[in-house]
Ligand SMILES: NC(=O)c1ccc[n+]([C@@H]2O[C@H](COP(=O)([O-])OP(=O)(O)OC[C@H]3O[C@@H](n4cnc5c(N)ncnc54)[C@H](OP(=O)(O)O)[C@@H]3O)[C@@H](O)[C@H]2O)c1
(Lines give C-alpha, C1' and ligand atoms only; values in the text may rest on other atoms or scores of the structure.)
Protein backbone atom coordinates (compact mmCIF):
# COMPACT_ATOMS: atom_id res chain seq x y z
CA UNK A 1 0.00 0.00 0.00
CA UNK A 2 1.03 3.58 -0.55
CA UNK A 3 2.17 5.52 2.52
CA UNK A 4 -0.56 8.04 3.29
CA UNK A 5 2.06 10.76 3.76
CA UNK A 6 3.76 10.17 0.40
CA UNK A 7 3.07 12.76 -2.28
CA UNK A 8 1.57 12.22 -5.74
CA UNK A 9 -0.47 9.15 -4.84
CA UNK A 10 -3.99 8.81 -6.17
CA UNK A 11 -7.08 8.01 -4.12
CA UNK A 12 -10.60 7.42 -5.39
CA UNK A 13 -13.36 8.10 -2.86
CA UNK A 14 -17.06 7.34 -3.30
CA UNK A 15 -19.56 9.20 -1.11
CA UNK A 16 -17.22 12.20 -1.23
CA UNK A 17 -19.86 14.91 -1.73
CA UNK A 18 -20.48 15.12 2.02
CA UNK A 19 -19.73 13.75 5.46
CA UNK A 20 -16.96 11.25 6.08
CA UNK A 21 -15.92 10.78 2.43
CA UNK A 22 -15.60 14.53 1.87
CA UNK A 23 -13.57 15.02 5.06
CA UNK A 24 -11.11 12.26 4.06
CA UNK A 25 -10.83 13.68 0.51
CA UNK A 26 -9.84 17.10 1.86
CA UNK A 27 -7.29 15.66 4.29
CA UNK A 28 -5.66 13.49 1.62
CA UNK A 29 -5.47 16.45 -0.78
CA UNK A 30 -3.84 18.50 1.98
CA UNK A 31 -1.19 15.78 2.23
CA UNK A 32 -0.40 16.15 -1.46
CA UNK A 33 -2.55 13.31 -2.78
CA UNK A 34 -4.47 13.47 -6.02
CA UNK A 35 -8.06 12.61 -5.14
CA UNK A 36 -10.83 11.52 -7.53
CA UNK A 37 -14.19 12.09 -5.84
CA UNK A 38 -17.51 10.44 -6.69
CA UNK A 39 -21.14 10.76 -5.61
CA UNK A 40 -24.35 11.78 -7.39
CA UNK A 41 -24.33 15.52 -6.54
CA UNK A 42 -22.54 17.13 -9.46
CA UNK A 43 -22.51 20.61 -7.90
CA UNK A 44 -21.19 19.51 -4.51
CA UNK A 45 -18.38 17.57 -6.18
CA UNK A 46 -17.52 20.56 -8.40
CA UNK A 47 -17.38 22.82 -5.31
CA UNK A 48 -15.12 20.32 -3.53
CA UNK A 49 -12.80 20.13 -6.56
CA UNK A 50 -12.73 23.93 -6.73
CA UNK A 51 -11.61 24.00 -3.06
CA UNK A 52 -8.39 22.14 -3.93
CA UNK A 53 -7.69 22.95 -7.60
CA UNK A 54 -5.42 20.48 -9.36
CA UNK A 55 -5.67 18.01 -6.46
CA UNK A 56 -9.35 17.04 -6.24
CA UNK A 57 -11.12 15.88 -9.42
CA UNK A 58 -14.86 15.24 -9.73
CA UNK A 59 -16.28 12.02 -11.21
CA UNK A 60 -20.04 12.14 -10.55
CA UNK A 61 -21.84 8.79 -10.62
CA UNK A 62 -24.44 6.60 -8.94
CA UNK A 63 -22.91 3.53 -7.28
CA UNK A 64 -25.99 1.46 -8.07
CA UNK A 65 -24.95 1.70 -11.74
CA UNK A 66 -22.19 -0.90 -12.07
CA UNK A 67 -21.23 0.14 -15.59
CA UNK A 68 -20.74 3.77 -14.47
CA UNK A 69 -18.24 2.63 -11.83
CA UNK A 70 -16.19 0.66 -14.36
CA UNK A 71 -16.17 3.62 -16.75
CA UNK A 72 -15.13 5.96 -13.92
CA UNK A 73 -12.17 3.75 -12.98
CA UNK A 74 -11.04 3.70 -16.62
CA UNK A 75 -11.46 7.49 -16.92
CA UNK A 76 -9.60 8.19 -13.68
CA UNK A 77 -6.72 5.87 -14.56
CA UNK A 78 -6.47 7.28 -18.08
CA UNK A 79 -6.59 10.93 -17.07
CA UNK A 80 -4.86 11.02 -13.65
CA UNK A 81 -3.05 7.71 -13.11
CA UNK A 82 -3.19 4.39 -11.27
CA UNK A 83 -5.56 4.31 -8.30
CA UNK A 84 -3.43 3.55 -5.23
CA UNK A 85 -6.27 3.75 -2.70
CA UNK A 86 -10.01 3.18 -3.20
CA UNK A 87 -12.21 4.27 -0.29
CA UNK A 88 -15.88 3.35 -0.52
CA UNK A 89 -17.92 5.57 1.76
CA UNK A 90 -21.10 6.04 -0.32
CA UNK A 91 -24.12 4.72 1.50
CA UNK A 92 -27.48 5.51 3.00
CA UNK A 93 -29.61 4.91 6.06
CA UNK A 94 -33.25 4.17 6.75
CA UNK A 95 -34.88 3.66 10.10
CA UNK A 96 -37.16 0.63 10.20
CA UNK A 97 -39.85 -0.50 12.58
CA UNK A 98 -41.63 -3.81 13.08
CA UNK A 99 -45.04 -2.10 12.78
CA UNK A 100 -44.33 -0.48 9.40
CA UNK A 101 -41.77 -2.86 7.96
CA UNK A 102 -41.22 -2.29 4.24
CA UNK A 103 -39.30 -4.93 2.28
CA UNK A 104 -39.07 -2.61 -0.75
CA UNK A 105 -37.22 -0.06 1.35
CA UNK A 106 -35.02 -2.89 2.56
CA UNK A 107 -34.25 -3.96 -1.01
CA UNK A 108 -33.39 -0.37 -1.94
CA UNK A 109 -30.96 0.01 0.95
CA UNK A 110 -29.32 -3.35 0.22
CA UNK A 111 -28.98 -2.30 -3.41
CA UNK A 112 -27.25 0.91 -2.36
CA UNK A 113 -25.09 -0.14 0.59
CA UNK A 114 -24.25 -3.71 -0.37
CA UNK A 115 -24.68 -4.16 -4.14
CA UNK A 116 -23.48 -0.59 -4.86
CA UNK A 117 -20.33 -1.22 -2.85
CA UNK A 118 -20.04 -4.57 -4.64
CA UNK A 119 -20.03 -2.74 -7.99
CA UNK A 120 -17.28 -0.45 -6.71
CA UNK A 121 -15.25 -3.43 -5.47
CA UNK A 122 -15.68 -5.18 -8.80
CA UNK A 123 -14.47 -2.10 -10.67
CA UNK A 124 -11.19 -1.79 -8.73
CA UNK A 125 -10.34 -5.37 -7.76
CA UNK A 126 -9.51 -6.67 -11.24
CA UNK A 127 -7.05 -3.88 -12.18
CA UNK A 128 -5.43 -4.01 -8.74
CA UNK A 129 -5.06 -7.79 -8.88
CA UNK A 130 -3.58 -7.50 -12.38
CA UNK A 131 -1.02 -5.00 -11.05
CA UNK A 132 -0.34 -7.09 -7.94
CA UNK A 133 -0.84 -4.06 -5.69
CA UNK A 134 -3.53 -1.76 -4.37
CA UNK A 135 -5.38 -0.67 -1.27
CA UNK A 136 -9.16 -0.75 -0.75
CA UNK A 137 -11.15 0.39 2.28
CA UNK A 138 -14.89 -0.16 2.73
CA UNK A 139 -16.97 1.91 5.14
CA UNK A 140 -19.38 -0.31 7.12
CA UNK A 141 -20.38 0.54 10.73
CA UNK A 142 -20.32 -0.72 14.30
CA UNK A 143 -24.08 -1.07 13.64
CA UNK A 144 -23.09 -4.19 11.70
CA UNK A 145 -21.94 -5.97 14.88
CA UNK A 146 -25.39 -6.61 16.38
CA UNK A 147 -29.00 -5.74 15.58
CA UNK A 148 -30.30 -2.63 17.33
CA UNK A 149 -34.01 -1.69 17.39
CA UNK A 150 -34.75 0.71 14.51
CA UNK A 151 -31.48 -0.07 12.78
CA UNK A 152 -32.16 -3.63 11.70
CA UNK A 153 -32.08 -3.08 7.95
CA UNK A 154 -29.20 -0.59 8.04
CA UNK A 155 -27.25 -2.86 10.42
CA UNK A 156 -27.90 -5.87 8.19
CA UNK A 157 -26.40 -4.05 5.19
CA UNK A 158 -23.33 -3.22 7.24
CA UNK A 159 -23.03 -6.81 8.62
CA UNK A 160 -23.11 -7.97 5.00
CA UNK A 161 -20.21 -5.66 4.10
CA UNK A 162 -18.19 -6.79 7.13
CA UNK A 163 -18.72 -10.47 6.26
CA UNK A 164 -17.88 -9.85 2.60
CA UNK A 165 -14.64 -8.06 3.48
CA UNK A 166 -13.65 -10.72 6.03
CA UNK A 167 -13.92 -13.25 3.22
CA UNK A 168 -12.10 -11.13 0.63
CA UNK A 169 -9.22 -9.93 2.83
CA UNK A 170 -7.08 -13.13 2.69
CA UNK A 171 -7.79 -13.64 -1.01
CA UNK A 172 -6.76 -10.09 -1.86
CA UNK A 173 -3.75 -10.29 0.47
CA UNK A 174 -2.49 -13.19 -1.66
CA UNK A 175 -2.79 -10.91 -4.70
CA UNK A 176 -0.83 -8.07 -3.08
CA UNK A 177 -3.94 -5.95 -2.41
CA UNK A 178 -4.76 -4.60 1.08
CA UNK A 179 -8.45 -4.60 2.05
CA UNK A 180 -9.68 -2.87 5.19
CA UNK A 181 -13.08 -2.43 6.79
CA UNK A 182 -13.92 0.89 8.45
CA UNK A 183 -16.47 0.70 11.28
CA UNK A 184 -17.30 4.17 12.61
CA UNK A 185 -19.50 4.85 15.62
CA UNK A 186 -21.72 7.97 15.44
CA UNK A 187 -20.25 10.77 13.32
CA UNK A 188 -21.91 14.17 12.99
CA UNK A 189 -22.73 14.25 9.25
CA UNK A 190 -25.84 15.02 7.14
CA UNK A 191 -26.76 11.33 7.60
CA UNK A 192 -27.06 11.55 11.39
CA UNK A 193 -28.14 15.19 11.77
CA UNK A 194 -31.83 14.32 11.51
CA UNK A 195 -31.64 11.52 14.10
CA UNK A 196 -33.96 12.22 17.01
CA UNK A 197 -32.39 9.73 19.42
CA UNK A 198 -29.32 10.00 21.64
CA UNK A 199 -26.05 9.29 19.80
CA UNK A 200 -23.46 8.30 22.39
CA UNK A 201 -19.81 9.27 21.80
CA UNK A 202 -20.72 11.34 18.69
CA UNK A 203 -17.62 12.69 16.95
CA UNK A 204 -17.01 15.31 14.25
CA UNK A 205 -16.29 14.51 10.58
CA UNK A 206 -12.77 15.82 11.02
CA UNK A 207 -12.02 13.43 13.89
CA UNK A 208 -13.44 10.55 11.86
CA UNK A 209 -11.22 11.45 8.90
CA UNK A 210 -8.13 11.58 11.16
CA UNK A 211 -8.98 8.16 12.62
CA UNK A 212 -9.49 6.75 9.12
CA UNK A 213 -6.18 8.08 7.79
CA UNK A 214 -4.32 6.74 10.83
CA UNK A 215 -6.05 3.38 10.34
CA UNK A 216 -5.25 3.28 6.62
CA UNK A 217 -1.57 3.72 7.45
CA UNK A 218 -1.73 0.80 9.91
CA UNK A 219 -3.11 -1.63 7.27
CA UNK A 220 -4.88 -3.48 10.12
CA UNK A 221 -8.04 -5.19 8.87
CA UNK A 222 -10.47 -3.21 10.99
CA UNK A 223 -10.48 0.55 11.52
CA UNK A 224 -12.98 1.21 14.32
CA UNK A 225 -13.56 4.44 16.25
CA UNK A 226 -14.17 6.16 18.59
CA UNK A 227 -12.71 3.73 21.11
CA UNK A 228 -15.55 4.10 23.64
CA UNK A 229 -18.11 3.09 20.99
CA UNK A 230 -15.83 0.26 19.89
CA UNK A 231 -15.65 -1.17 23.43
CA UNK A 232 -19.40 -0.73 24.03
CA UNK A 233 -20.46 -2.37 20.77
CA UNK A 234 -17.92 -5.20 20.86
CA UNK A 235 -18.98 -6.03 24.45
CA UNK A 236 -22.66 -5.95 23.49
CA UNK A 237 -22.05 -8.22 20.49
CA UNK A 238 -20.04 -10.69 22.62
CA UNK A 239 -22.74 -11.04 25.31
CA UNK A 240 -25.07 -14.02 25.48
CA UNK A 241 -28.48 -13.07 23.98
CA UNK A 242 -30.12 -13.12 27.43
CA UNK A 243 -27.94 -10.16 28.35
CA UNK A 244 -27.63 -8.32 25.02
CA UNK A 245 -31.39 -8.43 24.37
CA UNK A 246 -31.97 -7.06 27.89
CA UNK A 247 -29.80 -4.10 26.87
CA UNK A 248 -31.31 -3.56 23.40
CA UNK A 249 -34.86 -3.82 24.82
CA UNK A 250 -34.05 -0.64 26.74
CA UNK A 251 -33.45 1.12 23.40
CA UNK A 252 -37.09 0.64 22.31
CA UNK A 253 -38.92 3.89 21.67
CA UNK A 254 -42.58 4.76 21.34
CA UNK A 255 -43.73 4.32 17.70
N1 LIG B 1 -22.39 9.23 10.19
C2 LIG B 1 -22.32 8.16 10.92
O3 LIG B 1 -22.59 8.20 12.15
C4 LIG B 1 -21.88 6.85 10.34
C5 LIG B 1 -21.56 5.81 11.22
C6 LIG B 1 -21.15 4.60 10.70
C7 LIG B 1 -21.04 4.43 9.33
N8 LIG B 1 -21.37 5.45 8.50
C9 LIG B 1 -21.24 5.22 7.06
O10 LIG B 1 -20.37 6.17 6.53
C11 LIG B 1 -20.65 6.35 5.14
C12 LIG B 1 -20.73 7.84 4.86
O13 LIG B 1 -21.82 8.37 5.57
P14 LIG B 1 -21.84 9.87 6.10
O15 LIG B 1 -22.16 9.81 7.53
O16 LIG B 1 -20.64 10.57 5.64
O17 LIG B 1 -23.16 10.38 5.40
P18 LIG B 1 -23.46 11.42 4.25
O19 LIG B 1 -22.84 12.73 4.59
O20 LIG B 1 -24.91 11.34 4.01
O21 LIG B 1 -22.65 10.82 2.99
C22 LIG B 1 -23.16 9.82 2.19
C23 LIG B 1 -22.46 9.93 0.86
O24 LIG B 1 -22.89 8.87 0.00
C25 LIG B 1 -23.26 9.42 -1.25
N26 LIG B 1 -24.24 8.59 -1.90
C27 LIG B 1 -25.46 8.22 -1.44
N28 LIG B 1 -26.11 7.48 -2.36
C29 LIG B 1 -25.27 7.37 -3.42
C30 LIG B 1 -25.36 6.74 -4.68
N31 LIG B 1 -26.45 6.04 -5.05
N32 LIG B 1 -24.31 6.82 -5.52
C33 LIG B 1 -23.20 7.53 -5.19
N34 LIG B 1 -23.06 8.14 -4.00
C35 LIG B 1 -24.08 8.06 -3.14
C36 LIG B 1 -23.79 10.81 -0.92
O37 LIG B 1 -23.70 11.69 -2.02
P38 LIG B 1 -24.85 12.03 -3.06
O39 LIG B 1 -26.13 12.19 -2.30
O40 LIG B 1 -24.32 13.27 -3.68
O41 LIG B 1 -24.89 10.90 -4.02
C42 LIG B 1 -22.78 11.24 0.14
O43 LIG B 1 -21.63 11.74 -0.48
C44 LIG B 1 -21.95 5.60 4.87
O45 LIG B 1 -21.64 4.36 4.27
C46 LIG B 1 -22.52 5.39 6.27
O47 LIG B 1 -23.35 4.26 6.34
C48 LIG B 1 -21.78 6.67 8.96
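Quick notes
Here's the yes/no breakdown for (1) near the ligand (Cβ under 7 Å from one of its atoms); (2) at pLDDT 95 or above; (3) farther than 21 Å from residue 217 by Cβ; (4) part of a loop (DSSP other than H, G, I, E, B):
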{"site": "3", "(1), (2), (3), (4)": "no, no, no, yes"}
{"site": "17", "(1), (2), (3), (4)": "yes, yes, yes, yes"}
{"site": "29", "(1), (2), (3), (4)": "no, yes, no, no"}
{"site": "47", "(1), (2), (3), (4)": "no, yes, yes, no"}
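- Candidates 24, 37, 94 - the one that is within 29 Å of residue 147 (Cβ to Cβ) and touching a strand residue (DSSP E or B) at 6+ places or on another chain (Cβ under 7 Å): 24
- Some residue of the range 121-144 being free of Cβ contacts under 8 Å to residues at least 12 places away in the same chain and either under 16 Å from the mean Cα position of the chain (by Cα) or away from the ligand (no atom under 14 Å from the Cβ) (or both): yes
- Count of residues meeting criterion [assigned to a helix (DSSP H, G or I) and loosely packed, with under 15 Cβ neighbours inside 10 Å] in the range 74-110: 8
- Qualifying position, being touching a residue at least 60 places away in the same chain (Cβ under 8 Å), within 9 Å of the ligand (Cβ to nearest atom) and either surrounded by fewer than 21 Cβ atoms within 10 Å (Cβ to Cβ) or not in a strand (DSSP E or B) (or both), among 40, 22: 22
Residues are listed down the side, and each one gets a yes or a no for (1) within 13 Å of the ligand (Cβ to nearest atom); (2) within 29 Å of residue 99 (Cα to Cα):
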| position | (1), (2) |
| --- | --- |
| 167 | no, no |
| 170 | no, no |
| 188 | yes, yes |
| 218 | no, no |
| 229 | yes, yes |
| 249 | no, yes |
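The values are calculated or read from the model by the stated rules, or taken from the named source; none is laboratory data. These numbers come from a predicted model, not from an experiment. In this analysis, Cβ positions are derived from the backbone assuming ideal geometry, glycine residues included, and neighbour counts consider all displayed protein chains.
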